[in-house]
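The values are calculated or read from the model by the stated rules, or taken from the named source; none is laboratory data. Treat the numbers as computed from the prediction; the structure is a model and nothing was measured. Reconstructed Cβ throughout: ideal geometry from the backbone, glycine too, with neighbour counts over all protein chains shown.
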Amino acid sequence: MKRLACAGLVLALAFTAACQSPTEADSTISYDDIVDVTSNPVTVIADTNTEGRTYRIVRGNNQPDDILAYDWHAGFDVSINFNNNATDDDVDMAFPVKLVATALAVKQASGGIITTPTGSDTEHYEFLTSNASSNQVTGVNSPIAMHFEVWYDLPSLRKEAVIQLTFTFTDDDGASFQRVASIQVAP
């Protein structure tokens with residue numbers, strides 16, 4: 001009987017521990033609160049100066065691929081800055097922090113709202129980071145500046161879009177995290 005009572009106690013303790021959250025709700029780190037990403041201009045204006053850049057649509061079934069010109073081009077600057085919240089004890093940030101990857105996606109939009117293409121339609125885009133001041137943040141309020149060139153074509157045939165940037169960082173202790181930012185492209 002003692003063995004059964006001990007097993008029941010162990011199971012009850014294990015169940016109680018499993019139901020408890022490992023951290024308090026207010027201790028969850030939101031990197032949106034510590035990393036500021038701003039664009040210049042705030043709302044990007046696209047133009048038709050695509051420099052003759054093209055993309056390929058693979059047709060398959062022994063049909064020739066289509067080579068199409070991008071309709072739109074957008075150029076903008078981005079500033080990435082770790083603000084004073086990065087020194088909060090809950091964050092446990094170890095400087096220097098390295099920017100190790102940047103990804104970009106162009107999404108078609110209407111009124112600033114992403115509108116998913118229908119059927120098999122998809123957004124086509126490519127980008128170039130033509131300039132970056134550094135890949136390392138040495139401390140709070142020491143920003144990284146970057147310049148992006150983006151060429152794109154949307155199923156809607158319009159120029160309004162949302163550009164989603166994903167920045168991946170690692171700190172000096174090896175912790176990795178991401179910050180996602182959205183930039184509006186005017187209609």
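Please report, ordered by residue number, the strands (runs of 3 or more DSSP E) entirely within the range 132-187 with at least 1 residues that are over 22 Å from ASP36 (Cβ atoms).
Values: elements: 144-153, 161-170, 176-185.
Because the criterion is at least 1 residues that are over 22 Å from ASP36 (Cβ atoms), the strands (runs of 3 or more DSSP E) in the range 132-187 that meet it are 144-153, 161-170.
Every condition in (1) buried (at least 17 other Cβ atoms within 10 Å of the Cβ); (2) part of a strand (DSSP E or B); (3) not basic (Lys, Arg) holds for ALA86 except the one numbered (2). Evaluated against (1) modelled with pLDDT of 95 or more; (2) part of a helix (DSSP H, G or I); (3) of a type outside the set (Val, Ile, Thr), SER39 falls short on exactly one condition, (2). Of the residues making up the range 50-79, those that are loosely packed, with under 12 Cβ neighbours inside 10 Å and outside any strand (DSSP E or B) are GLU51, GLY52, VAL58, ARG59, ASN61, ASN62, PRO64, ASP65. Just so you know, in the range 155-180 the residues that are among the hydrophobic types (A, V, I, L, M, F, W, C) and in contact with a Ser or Thr (Cβ under 9 Å, 6 or more places away or on another chain) include one that is surrounded by the fewest Cβ atoms within 10 Å (Cβ to Cβ), and it is VAL180.
Say we look at the range 94-124 and pick out the residues that are of a type in the set (D, E, K, R) and in a loop (DSSP other than H, G, I, E, B); which of these is surrounded by the most Cβ atoms within 10 Å (Cβ to Cβ)?
GLU123
Only one residue in SER142, SER182, SER130, SER110 is of a type in the set (Ser, Thr, Tyr), under 24 Å from ASP71 (Cα atoms) and in contact (Cβ under 8 Å) with a residue 24 or more places away in the chain. Which one? Can you show your working first?
On the way: SER142 fails: under 24 Å from ASP71 (Cα atoms); SER182 fails: in contact (Cβ under 8 Å) with a residue 24 or more places away in the chain; SER130 fails: in contact (Cβ under 8 Å) with a residue 24 or more places away in the chain.
SER110 is the lone residue from the list that is of a type in the set (Ser, Thr, Tyr), under 24 Å from ASP71 (Cα atoms) and in contact (Cβ under 8 Å) with a residue 24 or more places away in the chain.
Checking the condition in contact with a strand residue (DSSP E or B) (Cβ under 8 Å, 6 or more places away or on another chain) and farther than 14 Å from VAL185 by Cα, which residue from PHE76, PHE127 passes? Walk me through how you get there before you give the answer.
Details: PHE76 fails: farther than 14 Å from VAL185 by Cα.
Unique residue meeting the criteria: PHE127.
Restricting attention to the range 117-134, the residues being in contact with a Leu (Cβ under 9 Å, 6 or more places away or on another chain) and among the small types (Gly, Ala, Ser) number 2.
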